[in-house]
C-alpha cells in the first residue's frame with residue numbers, strides 16, 4: 001500500500017493509539033467501528049474501553065453522552081475518518097454543549113479501510129479540522145507525528161475543553177486485533193468499572 | 001418568541017414532570033412543538049443537561065452513552081425522526097441499552113402536510129421492526145402515567161421503549177400566520 005494514498009500520513013496508528021492510551025491511563029475510551037476498535041484493543045484490553053462494532057456515525061455522540069454523565073472523568077473517542085464523516089453533525093452537537101472532558105481523535109487515512117480502501121471525503125476536499133472549527137470546537141488541530149502524543153494526552157487528562165484532533169496516519173492495514181463483540185458484556189463491565197449496576 | 005407563547009397544555013407539563021420524577025438527567029432532542037415545554041424546562045433545570053441534536057440518530061448514541069456513564073436519559077423527537085434512527089437502533093439491541101424515546105406524531109390526524117404522512121404512518125412499525133416496544137398516549141390525562149410506565153420499563157427492566165404522543169394531543173396545526 002503506497003503512502004501516496006495519503007500523502008501527509010506518516011503516523012503509525014497502532015503505535016500512536018497505544019502510546020496515547022498509556023499516557024492517559026484514567027481515560028474512558030470509546031472506539032469507532034473498524035480499525036480504530038482494533039487499534040484500541042491492540043493497545044491492551046481495558047474495562048474502561050467501549051468498542052463499537054456497528055452504529056456507524058455514533059462514536060462521538062456516544063462519547064458525548066458519556067462525557068456529560070461523567071464530568072469528572074476524561075473521555076477519549078478514537079475513530080476513523082469514514083465513521084466521523086457519517087456522524088459529522090455530532091461535532092456540531094459537541095460544539096453546542098462544549099463538554100470540557102471530551103477529546104475526539106480521528107485517525108485519518110483518507111480512506112474507507114474496512115471496505116477496500118475507497119477514497120473518503122478527506123481525500124477529496126473535506127478538511128475535518130476546519131469542519132470542527134466551524135462547528136464551534138475551538139481547540140481543533142492536525143497531528144502529523146508521533147512526537148505529539150504527549151500534548152494530546154495532556155489535553156485528555158486536563159479536561160479543560162472539548163478537543164478535536166485529526167491524525168494523519170499511514171494508510172496501512174495492521175493485523176486485525178478483534179475486541180469482544182458481545183456488546184452487553186462490554187457495556188456491563190464498563191459500567192461496573194464506574195461502580196454502576198447492570199440496570 | 002416566548003412572549004407570544006400560550007401556556008403549555010397540561011399534558012406537556014405531565015411529560016416533563018414524569019421525566020423529572022424518573023430522574024432523567026439528559027434530554028436529547030430534535031425539537032417539535034409538542035416537546036416545547038419539556039425542552040424549555042430541561043434548559044432551565046440545573047439537574048438536567050439538554051442536548052440539541054443535528055439529527056435524531058445522534059440522540060440514540062447520546063442516551064446510550066449517558067447510560068454507560070450511569071445516567072438516565074431520554075430522546076425527544078418527531079415521528080419523522082424515527083426513520084433517521086433505524087440503523088443506530090442496532091446499538092440498543094447489540095448492547096441491550098435501556099432506551100426511552102418520546103415521539104410526537106405527525107401524519108396521522110388532521111395532517112395538512114402530506115410529506116409527513118409516509119413516515120408518520122410507518123413510525124410504529126419501524127420502531128417495532130427494530131425491537132422497540134411501543135406505547136401510545138392519546139388522551140391528555142393518560143400522558144403522565146404512560147410516560148412514567150415507560151421510564152420504569154426502560155430503567156428498571158432494561159427495555160427499549162417508545163411512547164408515541166398522538167397527533168390528537170397536539171391538535172390541528174395553524175398554517176396561516178396572523
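So here's what we get for this one:
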read-out	value
Over chain B, relative contact order from alpha-carbon pairs under 8 Å, at least 6 apart, %	22
Relative contact order of region A:45-106, pairs being alpha-carbon contacts under 8 Å that are 6 or more residues apart, as %	42
Average beta-carbon neighbours from other chains, 10 Å sphere, peptide B:85-98	5
Peptide-level mean, for A:73-80, of C-beta atoms on other protein chains within 10 Å	1
Residue-averaged [θ]222 nm for chain B, counting only DSSP H segments that reach four residues, each worth -39500 (n - 2.57)	-12500 deg cm²/dmol
Cα convex hull of chain B, projected area averaged across orientations, nm²	9.8
Ordering of A:137-148, B:116-127, A:31-42 by burial proxy (mean other Cβ atoms within 10 Å per residue, highest first)	A:31-42, B:116-127, A:137-148
Angstrom value of the Kirkwood radius, inverse mean 1/r, which spans all Cα pairs in the protein assembly as shown	21.2
Test item: A:174-184 mean partner chain Cβ contacts at 10 Å	2
Mean Cα-pair separation over length for chain A, i.e. relative contact order, pairs under 8 Å, 6 or more apart, %	29
Rounded Å value of the spacing that divides the Cα centres of region A:73-110 and region B:43-75	16
Anisotropy class of region A:3-193 from Cα gyration tensor, a/c 1.5 cut	rounded
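Rule-based calculations on the coordinates, nothing more; no lab input. Model, not experiment: these values are computed from the prediction. Glycine gets a Cβ as well: all are built from the backbone with ideal geometry, and neighbour counts include every protein chain shown.
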